[in-house]
1. Any idea which of (1) crowded, with 17+ Cβ neighbours inside 10 Å; (2) under 15 Å from the mean Cα position of the chain (by Cα); (3) without any contact (Cβ under 8 Å) to a residue 60 or more places away in the chain is the one L232 doesn't satisfy?
2. Within segment 31-42, identify whether any single residue is open to solvent by 80 Å² or more (accessible area, probe 1.4 Å), polar (S, T, N, Q), closer than 25 Å to S126 by Cα and out of contact with any strand residue (DSSP E or B) (no Cβ under 6 Å at 6 or more places or on another chain), and answer yes or no.
3. Pull up segment 177-196, narrow it to residues that are without any contact (Cβ under 8 Å) to a residue 12 or more places away in the chain and of a type in the set (D, E, K, R), then point me to the one that is least open to solvent (accessible area, probe 1.4 Å).
4. What pairs come up if the first residue lies in segment 145-163 and is closer than 24 Å to P229 by Cβ, the second is open to solvent by 10 Å² or more (accessible area, probe 1.4 Å) and of a type in the set (K, R), and their beta carbons are under 8 Å apart, counting only those six or more places apart or on different chains?
5. Checking the structure you have, find out if any residue of segment 192-214 is within 30 Å of Y29 (Cα to Cα), under 14 Å from the mean Cα position of the chain (by Cα) and not hydroxyl-bearing (S, T, Y).
6. Out of the residues in segment 165-192 that are under 14 Å from Y154 (Cβ atoms) and aliphatic (A, V, I, L, M), state the one that is modelled with the lowest pLDDT.
7. I'd like the full set of residues that are in a helix (DSSP H, G or I) and aliphatic (A, V, I, L, M), limited to segment 195-239.
8. Which ranges mark the strands (runs of 3 or more DSSP E) fully within segment 7-64 that have 2 or more residues being under 18 Å from the mean Cα position of the chain (by Cα)?
Amino acid sequence: MEENLRKRTILRREITSNYLGEIRSYKLYLPPGYNADQAYPIVYAQDGEQFLNFGRGATVAQEMILNGELYPFIIAAVTVSRENRTSEYGTNRSRNHLYKSFFIEELMPAVEQEVSVSQRVLAGDSLGGTVSLDLALEHPELFSHVLSLSGAFYPEVMKGVLRKPELRSLMIYMLIGLEETAVPVWDGTADFLALNREMKALLEERGASVTYVERSGGHDWGFWQRELPDALTFFFGVPK
């Protein structure tokens, strides 16, 4: 019985996207004791395969829920191809508007037709954090919670924040590594630590609720996996 309870439930799904012109896959993690008649919080995770495999997102969630550390929640892990990742996740890149339309108009309705949702959290690493924040800025009626793992907050993203007079409805958990000062990017290197410090200040100036965490670590899943339990506890933790 104990072994069955600890077995994770992960459903594999596919959706034909008119916006992206392709079939996009995603996975749904359902918490232990899942009840189809109940509404649950949901984490929409960008870089879904990596979030589940390298971040051990479903494994961490399962263990912490069973240990009574987290309230049950669902994960919708959305795949992205390596060749299209930058163009889909990067602010104002060639496929960015198509990806966001897919997310809002095709993916979310498909997911939320299958499961009942009480609260949404957008989660992503690097450029996945970028597109998560962009979606929250553009659709505050849908998203008010963001989990950013070393978000790639370039000037284009900051412009989107600057255009908002106030962001009091936004709650964001920002994790950044102290060693992320020269992260390799397509045109050289970027100081992600400085970018995240600047983004924190911009968001706080507009009234957003910012939980900002700097810890020793680099721009990689080893760091993000290690810190994921604390991030999930922030959103779903059971009071001790």
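1. Going through the list (1) crowded, with 17+ Cβ neighbours inside 10 Å; (2) under 15 Å from the mean Cα position of the chain (by Cα); (3) without any contact (Cβ under 8 Å) to a residue 60 or more places away in the chain, L232 breaks only (3).
2. Within segment 31-42, none of the residues are open to solvent by 80 Å² or more (accessible area, probe 1.4 Å), polar (S, T, N, Q), closer than 25 Å to S126 by Cα and out of contact with any strand residue (DSSP E or B) (no Cβ under 6 Å at 6 or more places or on another chain).
3. So the residue we want is D191.
4. These pairs meet every condition: H145/R120.
5. No, because not a single residue in segment 192-214 is within 30 Å of Y29 (Cα to Cα), under 14 Å from the mean Cα position of the chain (by Cα) and not hydroxyl-bearing (S, T, Y).
6. In this case the residue turns out to be V185.
7. Of everything in segment 195-239, those that are in a helix (DSSP H, G or I) and aliphatic (A, V, I, L, M) turn out to be L195, M199, A201, L202, L203, L228, A231, L232.
8. In segment 7-64, the matching strands (runs of 3 or more DSSP E) lie at 22-30, 40-45.
The values are calculated or read from the model by the stated rules, or taken from the named source; none is laboratory data. Just so it is clear, the structure is predicted and the values come from calculations on it, not from any experiment. Neighbour counts run over all protein chains shown; Cβ positions are idealised from the backbone, glycine included. Ligands, DNA and RNA are excluded from the accessible area calculation, which covers all protein heavy atoms including side chains. Shrake-Rupley method; radii C 1.70, N 1.55, O 1.52, S 1.80 Å.
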